[in-house]
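Worksheet for the structure shown next.
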Amino acid sequence: MNKFLICLFFISNLYANVPIIIGSKSFSESVINSEMLALLLEDSGEKVIRKFSLGGTKVAFDALNHGGIHVYPDYTGTGYVMILKMNGEREPKKVHEIVSRQFLDKYGIAWSKPLGFNNTYALTIRKNDKELSSIKTISELAGKLGAYKLGAPYEFMERKDGYKGMASEYGLNFSQENIVSMNAGLMYSAIKDKQVDFIVSYSTDGRIKAFNLRILKDDKNYFPPYNPAFLAKADFLKQNPVLKETIQKLEGLISEDEMIEMNDQVDRLKQDPKDVARNFLINKKLLKGEIINQEVQTSFISFAYSRKGELLKLVIEHLWLSFSAIFFALLISLPLGVLLTRKEKAAKLIFPVINTIQTIPSLALLGFLIPILGIGFAPAALALFLYSLLPLVRNTYEGIRAVDRNFVEASRGIGLTNTQILFKVEIPLALPIILAGLRTATVIVIGTATLAALIGAGGLGDPIFRGVSTVNSNLILLGAIPSALLAIIADKFIGWSETQLVSKGIRLAKKRRA
Amino acid sequence: MIKVENLRKTFNGNIHAVKGVSFSLEKGEIGCIIGTSGCGKTTTLKMINRLIEPTDGKILVGSDDARSVDPVTWRRKIGYVIQKAGLLPHLTVKDNISLLSKIMKRDRDFITRRVDELMGIINMPYDQFANRYPIELSGGQQQRVGIARALMEDPPVMLMDEPFGALDPITRNSLHEEFWNLNEKLHKTIIIVTHDMDEAFKLGHKIILMHKGEITQVGTKEDFLERPANAFVEDFVQGHSGE
Ligand SMILES: Nc1ncnc2c1ncn2[C@@H]1O[C@H](COP(=O)(O)OP(=O)(O)O)[C@@H](O)[C@H]1O
Ligand SMILES: [Mg+2]
């Protein structure tokens, strides 16, 4: 059965593989760069699909490597340290040479020339922090940091060239409980609100300007170069000369200041990354058209209204994902739950397994499925399917076991067969409990489906994660409100269907007991 | 009409619940099995209905041997009523009564007519009660519907396990009357399990007293009052009647 499911999911993936699928990590700069490529390709008549919220490096790179996307921008430093697990070289050209050669050998992936700017890590403080006002370079901090708090992105805490290397290179001594790993988008609000005193920002982040922050000089050249470039499979580039030519137009095009400006427009001024990218390309005479300086959105209602087309598409994606998961889970859970009431020994073996699946954190489960199923609909639907198994199987099992044995005995006594007892007696009597399980499963699935955006399956999580990484609360609400509404509506709908499906006799009995 | 020979049941190889029980009933006769709790009454009744397979012994209804057909077919020829009726809470009165006939794909008109007729017999007018659910009925009404359900396929034999056990004394008494009059018309052969000596005396043509898996005495009310087989029977009759 599982095999069949997986095949089905793959078929739906294959179908999507005709246009050029452009990926991006889930922060503004990556989205803007990918958007530039998408706009130029569309301008030359190509069809593109945007998968712009692919979480971190692992998801995006795995997606490229396993065919979930065709092209996405990444940084030379990331390729060098995170993927090749190398370190030592800090000269930008050399690092680009190394990643280009190694990626081609190992993965058949080609790097384009860099796009221009360098977006490396930077240790950043508040400009108006009086106690730190005399500090200009990281070296000056050595041994002084006991009580200060550091906020850093999850990735930075993980990687070799991240926190550990920096601390030992410069002799930094943040105490362990003062280091907070957090979402890169939330980090800037945290330092502004003095919840942390240092953050590890990116050197091209628009918020350095907007939030009145300043960068401490990396006087020992500790941070490796992070020059963005587009990655694509070499074979795919050969088959798609248009893609290759289009990427070339973007090589060396963007300066550091221009990138900071564009990041600020998206992150602070809440402009659509698509508009920002288009304006830039128009200014560079790569596109024709009018500059759009879209007003800062104020009310959520007008914002949501201006995005109604996108919203509808996201809701449909979300529902389609949730319902496929629940549908297949029902198909398997009902017979399985019934079977287990007949095989108590098997129940003792199977329930711990299903219970364990339920305890795997959703992000870990999604991450675990990527190497097997790639990104997109298939792994997301499979993960949601796995999550809805427990409430469905358990409630079917418990519901049938809770049926008073007297009813079963009386029915057998008057001459019903086991099958007739199951369908005419046990299932109707267990139905309220089974439907309660369906209710739980549906609410879990609709909620968890927001995480599917992180692995490119779309849905209402997509604006949520884009909103979090660009500090755009309208965008967060655009995903959060409809997904909460969907969960409530589904819950009410199943509650209503209970009054239609469950016999009045049982409902009366329940009321009388209450 | 019904004949039980040397019926035995041993659970798990060492619990001798029924140790060689024999008795017979003529057509239209009511037999009451009585005895203290745990003496094997229910086990005996379930073996006759093949809800429990006997370890040994023979069961005949008319000339049919229980072992000659499969259990489901056998049960469909025998009416079965248990304490608190065992009515299915999700079905209406008429659906409870007709459950088996529907499963056996009887003609729709036949079913409607038969349910109507039976509800008349149990004094629960169709118009008033057919669409009610068990929870909307009193204990006595539920028990009457249970009897109607057992009669639906017009079986020659009915088995009843403490059918009036959960009712209050007044309801029980009036149901006894109704039931007795009913069977004067229907002439079913009936086995009733009870622990109430008065009920056995009132309803039983034949009383079968069991003790520790064996029959101590079989006979009429007069036999038990005037000719008790031993001191245990005498004690039992005195201790369990006139409550
Ligand atoms: N399925 C079973 N497994 C083991 N022992 C049983 C089973 N059913 C009944 N017994 C035992 O057989 C004896 C007779 O039970 P039963 O026929 O139910 O008595 P009663 O006369 O009260 O109806 C009791 O000791 C009971 O514990
Ligand atoms: Mg009993």
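The values are calculated or read from the model by the stated rules, or taken from the named source; none is laboratory data. Worth saying up front: this structure is predicted, and the values here are computed from it rather than measured. For neighbour counting, all protein chains shown are included, and Cβ atoms are generated from backbone atoms with ideal geometry for every residue, glycine included. These area figures cover heavy atoms from the full protein model, side chains too; ligands, DNA and RNA do not enter into them. Shrake-Rupley method; radii C 1.70, N 1.55, O 1.52, S 1.80 Å.
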### Query
What single numbered condition from (1) out of contact with any helix residue (DSSP H, G or I) (no Cβ under 7 Å at 6 or more places or on another chain); (2) more than 16 Å from ligand 2 (Cβ to nearest atom) fails to hold for B:L91?
(1)
### Task
Sort through A:V18, A:V81 and tell me the only one that's assigned to a helix (DSSP H, G or I) and either modelled with pLDDT under 90 or open to solvent by less than 60 Å² (accessible area, probe 1.4 Å) (or both).
A:V81
### Task
For B:H205, state whether it is within 16 Å of ligand 2 (Cβ to nearest atom), open to solvent by 60 Å² or more (accessible area, probe 1.4 Å) and not assigned by TED's automatic domain parsing to the domain that holds B:G140.
no
### Task
Would you mention how many residues in the range A:293-346 are touching a helix residue (DSSP H, G or I) at 6+ places or on another chain (Cβ under 6 Å) and open to solvent by 70 Å² or more (accessible area, probe 1.4 Å)?
1
### Message
Can you tell me which residue is nearest to B:K185 (Cα to Cα) among those in the range B:23-47 that are away from ligand 2 (no atom under 16 Å from the Cβ) and open to solvent by 60 Å² or more (accessible area, probe 1.4 Å)?
### Response
B:K27
### Task
Could you please let me know if A:D74 is of a type in the set (D, E, K, R), within 19 Å of the chain's Cα centre (by Cα), open to solvent by less than 20 Å² (accessible area, probe 1.4 Å) and not assigned by TED's automatic domain parsing to the domain that holds A:T204?
yes
### Message
Please go through the range A:482-499 and give me each residue that is without any contact (Cβ under 8 Å) to a residue 12 or more places away in the chain and either of a type in the set (V, I, T) or within 14 Å of another protein chain (Cβ to nearest Cβ) (or both), ordered by number.
### Response
A:I488, A:I489, A:T499
#### Entry: Yes/no for B:Y133 being in contact with a strand residue (DSSP E or B) (Cβ under 8 Å, 6 or more places away or on another chain), surrounded by 18 or more Cβ atoms within 10 Å (Cβ to Cβ) and of a type in the set (F, W, Y)
no
### Query
Could you say whether any residue in the range B:163-180 is touching a strand residue (DSSP E or B) at 6+ places or on another chain (Cβ under 6 Å), within 16 Å of ligand 2 (Cβ to nearest atom) and either closer than 14 Å to B:G31 by Cα or not assigned by TED's automatic domain parsing to the domain that holds B:K3 (or both)?
yes
### Query
Can you name the strands (runs of 3 or more DSSP E) wholly within the range B:1-107 that have at least 3 residues being within 16 Å of ligand 1 (Cβ to nearest atom) and either within 11 Å of chain A (Cβ to nearest Cβ) or within 29 Å of A:T419 (Cβ to Cβ) (or both)?
B:78-82
## Note on the structure
Checking A:I455, A:I444, A:I489, A:I427 in turn, the sole residue that is over 20 Å from A:S302 (Cβ atoms), open to solvent by less than 20 Å² (accessible area, probe 1.4 Å) and of a type in the set (V, I, T) turns out to be A:I455
### Task
Select from the range A:406-464 the residues that are within 14 Å of another protein chain (Cβ to nearest Cβ) and polar (S, T, N, Q) and write down the one among them that is farthest from B:K102 (Cα to Cα).
A:N406
### Query
With respect to B:E117, is the statement that it is among the charged types (D, E, K, R) and at the interface with chain A (Cβ under 9 Å from one of its Cβ atoms) true?
no
